[in-house]
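The values are calculated or read from the model by the stated rules, or taken from the named source; none is laboratory data. None of these values were measured; they are calculated from a predicted model. All Cβ positions, even for glycine, are placed from backbone atoms using ideal geometry, and neighbour counts span all protein chains on display.
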Amino acid sequence: MQTPIPTNEEWAQRCQSDGEFMLAARYWNGGLRLSMGTTTLELPVLQGQPSATATLQDGVIELIADTQVWEKILAPVPERFHNDIMADVMQGKGMGRKADPAVFAQYFAAAARAIELLRPAIDVGEAMPHDLQPEGTFSAPVGRYVQLQLGGAKHRIYFEEAGSGIPILLQHTAGCHSSQWRHLFETPEITDRFRLIAYDLPYHGKSLPPVAEPWWHEQYLLHGEFLRSIPLALSRVLGLDRPIFIGCSVGGLLALDLAHKHADAFRAVISLEGALEIPGKLEHNSELWHPQVNNEYKARLMDALMSPTSPKRYRKETAYVYSCGWPPVCLGDLHYYLEEYDLTAVAGEIDTNRIGVHILSAEYDCSGTAELGRAAHEAIAGSTFQEMKNVGHFPMSENPQVFLQYLLPTLDQVAAA
């Protein structure tokens, strides 16, 4: 091992003195066992307190990999797909786990933080200049509500806007809301030329459920026809002239879906973390809406999708937003993301003479990988593709400074076209 491995006692002391771990480990009776080839590291936890002398019994999370895999995970700056234990698991890079699924989800945040404490600490990173403005400074966006007829029901949709010029509709990721785009609103290079409009999907953020439907009687599942209708309806009622559409994750898939089915409604789409299809099954993500698992799991899981080089202050903010959502909504959005969406057989039908298609994929994204983004680009003649280095699944919120280096030239290209 290149990174020195502490003793069980030293590891317990690090965890005991770390506020993030102690909060995540509250009420835990169990612990963590790391099998590193021939080496085993154990962290018993009793009533949320790390103990190097107790014996591991029930409630244990065991993570198993060979020494080479652990060396990559514990590197000072881990490479893609080894930056988090779940990234490694999702990409099948050699990490195995033994744990009750509910216990794993309940204490994944504590386990992940305990492993982070085996690495050298990474700086939290600098704040964006607009986050350092003096008291009394107003942020750029102004929020409003608008009534939209969607799927046979009236929905009160919240959106924020700022800037003037070519309109841009901004679609957030699964289970999230429009605050992910807040840094773009504070970027004059964008708002001087573009009118930004970021909206919350129904059931997300400030867009409440429809009052005329008994929505509480059935499981929330996001369907493509309903999802596609939202930017179309919003564009119509706001009187937008062929706006640009930018979406990330679920929104990135939607961008390509709109390019295929509604090319004449938009002048261009920018697909962040887009693909022709995302591997996975909804049933393999059931812990996202488990009655014994709270939104803390959902929030910490997002760190697996982000780059370790992104400022920690903004990674944690991105994860925080996930903890605020209605519990069923993230899993329900994945119905479209994992089960329903598939353009593999029809991507070649997208006509980039009618609509510009630009795909930006992040280096550290272990879900909508750069390989999937490149494959989508290769299937869509006339599209453009870039891999964004040193960012993950949420580039606009986890590392806005790096993201703008890729977005601004793309917007220049769209505006010129």
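Looking at the stretch 93-106 only, could you name the residues that are surrounded by fewer than 20 Cβ atoms within 10 Å (Cβ to Cβ) and either within 14 Å of Asp66 (Cβ to Cβ) or not assigned by TED's automatic domain parsing to the domain that holds Val45 (or both)?
Lys93, Gly94, Gly96
Just to be sure I understand, how many residues within the stretch 180-205 are outside any strand (DSSP E or B) and under 19 Å from the mean Cα position of the chain (by Cα)?
So the answer is 11.
Can you tell me which of Ala212, Ala233 is touching a residue at least 24 places away in the same chain (Cβ under 8 Å), farther than 30 Å from Gln405 by Cα, among the aliphatic types (A, V, I, L, M) and not in a loop (DSSP other than H, G, I, E, B)?
Matching residue, one of Ala212, Ala233: Ala233.
Which ones in the stretch 296-323 are free of Cβ contacts under 8 Å to residues at least 60 places away in the same chain and either closer than 15 Å to Gly175 by Cβ or of a type outside the set (Lys, Arg) (or both)?
Result: Ala319, Tyr320, Ser323.
Residues Pro209, Pro231, Pro202: which one is assigned by TED's automatic domain parsing to the domain that holds Asp264, closer than 15 Å to Leu253 by Cα, at pLDDT 95 or above and surrounded by 14 or more Cβ atoms within 10 Å (Cβ to Cβ)?
From the options Pro209, Pro231, Pro202, the qualifying one is Pro231.
Sort through Leu338, Leu407 and tell me the only one that's more than 16 Å from the chain's Cα centre (by Cα) and in the same structural domain as Leu254 (by TED's automatic domain parsing).
Leu407
For the stretch 112-171, which residues satisfy the criterion of being in contact (Cβ under 8 Å) with a residue 12 or more places away in the chain, hydrophobic (A, V, I, L, M, F, W, C) and under 30 Å from Pro50 (Cβ atoms)?
Scanning the stretch 112-171 gives Ala112, Ala114, Ile115, Leu117, Leu118, Ile122, Val124.
Out of the residues in the stretch 65-92 that are touching a strand residue (DSSP E or B) at 6+ places or on another chain (Cβ under 7 Å) and buried (at least 17 other Cβ atoms within 10 Å of the Cβ), which is nearest to Ile5 (Cα to Cα)?
Trp70
Do you know which of the residues in the stretch 310-325 that are modelled with pLDDT under 95 and part of a loop (DSSP other than H, G, I, E, B) is farthest from Met22 (Cα to Cα)?
Among those that are modelled with pLDDT under 95 and part of a loop (DSSP other than H, G, I, E, B), it is Gly325.
Only one of Leu343, Leu407, Leu411, Leu360 is closer than 15 Å to Asp257 by Cβ and in contact (Cβ under 8 Å) with a residue 24 or more places away in the chain; which?
Testing whether each residue is closer than 15 Å to Asp257 by Cβ and in contact (Cβ under 8 Å) with a residue 24 or more places away in the chain leaves just Leu343.
Does Arg14 fit the bill of being surrounded by 14 or more Cβ atoms within 10 Å (Cβ to Cβ), charged (D, E, K, R) and more than 27 Å from Gln292 (Cβ to Cβ)?
For Arg14, the condition - surrounded by 14 or more Cβ atoms within 10 Å (Cβ to Cβ), charged (D, E, K, R) and more than 27 Å from Gln292 (Cβ to Cβ) - is met.
Can we say Glu135 is at pLDDT 95 or above, surrounded by fewer than 23 Cβ atoms within 10 Å (Cβ to Cβ), in the same structural domain as Arg228 (by TED's automatic domain parsing) and not β-branched (Val, Ile, Thr)?
It is false that Glu135 is at pLDDT 95 or above, surrounded by fewer than 23 Cβ atoms within 10 Å (Cβ to Cβ), in the same structural domain as Arg228 (by TED's automatic domain parsing) and not β-branched (Val, Ile, Thr).
Output the residue which, of all residues in the stretch 248-272 that are in contact with a Pro (Cβ under 8 Å, 6 or more places away or on another chain) and under 18 Å from Glu340 (Cα atoms), is surrounded by the most Cβ atoms within 10 Å (Cβ to Cβ).
Filtering the stretch 248-272 for residues that are in contact with a Pro (Cβ under 8 Å, 6 or more places away or on another chain) and under 18 Å from Glu340 (Cα atoms), the one surrounded by the most Cβ atoms within 10 Å (Cβ to Cβ) comes out as Cys248.
Pick from the stretch 383-407 the residues that are part of a loop (DSSP other than H, G, I, E, B) and out of contact with any Asp or Glu (no Cβ under 8 Å at 6 or more places or on another chain): which of them is surrounded by the most Cβ atoms within 10 Å (Cβ to Cβ)?
That would be Phe394.
Could you tell me how many of the residues in the stretch 5-21 are under 19 Å from Thr55 (Cα atoms) and either assigned to a strand (DSSP E or B) or of a type in the set (S, T, N, Q) (or both)?
4
Quick one: in the stretch 215-230, which of the residues that are touching a Pro at 6+ places or on another chain (Cβ under 9 Å) and not in a loop (DSSP other than H, G, I, E, B) is farthest from Ile350 (Cα to Cα)?
My answer is Trp216.
One residue is enough: does the stretch 70-78 have a residue meeting the conditions in a loop (DSSP other than H, G, I, E, B), of a type in the set (Gly, Ala, Ser) and closer than 21 Å to Thr309 by Cα?
Within the stretch 70-78, one or more residues are in a loop (DSSP other than H, G, I, E, B), of a type in the set (Gly, Ala, Ser) and closer than 21 Å to Thr309 by Cα.
Look at Ile157 and say whether it is farther than 30 Å from Gly205 by Cα and at pLDDT 95 or above.
no
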